[in-house]
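Q: I'd like to ask you about the structure that follows.
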Amino acid sequence: MPVALVTGAGRGIGLETARAFVGAGFEVLALDKDFSHCDLSTRRIEYDLTNLSGIPALVARLGEIDTLVNNAGVLYCEPYDAIPDGHRREIMAVNLEAPAALMLALAPRMMKRRSGRIVNVGSVAAFTGHPDLWYGASKAALLNITKSYAGWLGRHGVLVNAVAPGPTQTAMYERLPESRKEGVMRAVYSGRVCTPREVAQAILWLGSASPEYLNGTTLDVNNGSYPR
């Protein structure tokens, strides 16, 4: 049975992604620091991804991983001139540095067996100047790292891709100011936000069934929405 490690699996997109992989016949390792809103019966791994130095040891004890989904993310709705240093460090650690560390830790095993898939969860925030400064910056950097790792690992049979969701009905979206939500509704083609399950289906495809020649790409799951 193939094994998928899904970060941020306690709620939202991560939870639906874990469910999707279970439905596709995977053993799922669900990683999060809070499972209080989670009804998954899969193996749960409680871990705070701001603990970057502990990631190599964490990966070493998990065994073989066929698919890694870097979904965990942090966002704070704060003005440019009032972002606490602690929030900035947390955003960059969870959204960017932890995914890079997980990929680096898993790379040797994947290269040795010449197989593996990695899916990074970016955002439309990566493509514009975004109101949540460090969130947008972290997601843009994550998409760049996706291409870098694809270039490194691709010759060893490992696929590294990303999705860029638009506004999705999650707790993170609910925290946005109403003015931002109104802007979203004007931008998307369908006039509605995405469901976590729709993003999860895109992640599942990249993480299990997409063609092997699809590598280093970012799949837009945003219905035309590019925040302004």
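Values in this text are rule-based calculations from the coordinates and carry no lab data. Treat the numbers as computed from the prediction; the structure is a model and nothing was measured. Virtual Cβ from ideal backbone geometry, glycine too; neighbours counted across all protein chains shown.
Q: Compute the helix-to-body angle for 133-153: its Cα long axis versus the longest principal axis of the chain, expressed 0 to 90° and rounded to tens.
A: Helix 133-153 and the main axis of the chain meet at about 30 degrees.
Q: Give me the angle, in degrees from 0 to 90, between the Cα long axis of helix 12-23 and the longest principal axis of the Cα atoms of the chain, rounded to the nearest 10.
A: Between helix and principal axis, roughly 30 degrees.
Q: Within segment 1-97, list the trypsin sites (Lys or Arg not before Pro) lying in a DSSP loop whose Cβ has at most 10 other Cβ atoms in a 10 Å radius. Please list the in-between numbers first.
A: Numbers: sites: Arg11, Arg19, Lys33, Arg43, Arg44, Arg61, Arg88, Arg89; in loops: Arg11, Lys33, Arg61.
When the trypsin sites (Lys or Arg not before Pro) of segment 1-97 are filtered for loop state and at most 10 Cβ neighbours within 10 Å, Arg61 remain.
Q: Ok, one more. What's the angle, to the nearest 10 degrees (0 to 90), between helix 178-187's Cα axis and the longest principal axis of the chain?
A: So the helix axis and the longest Cα principal axis differ by about 70 degrees.
Q: Compare Leu206, Leu49, Leu104 in a GNM of the chain, Cα atoms joined below 10 Å, and give the one with the largest fluctuation.
A: Leu104
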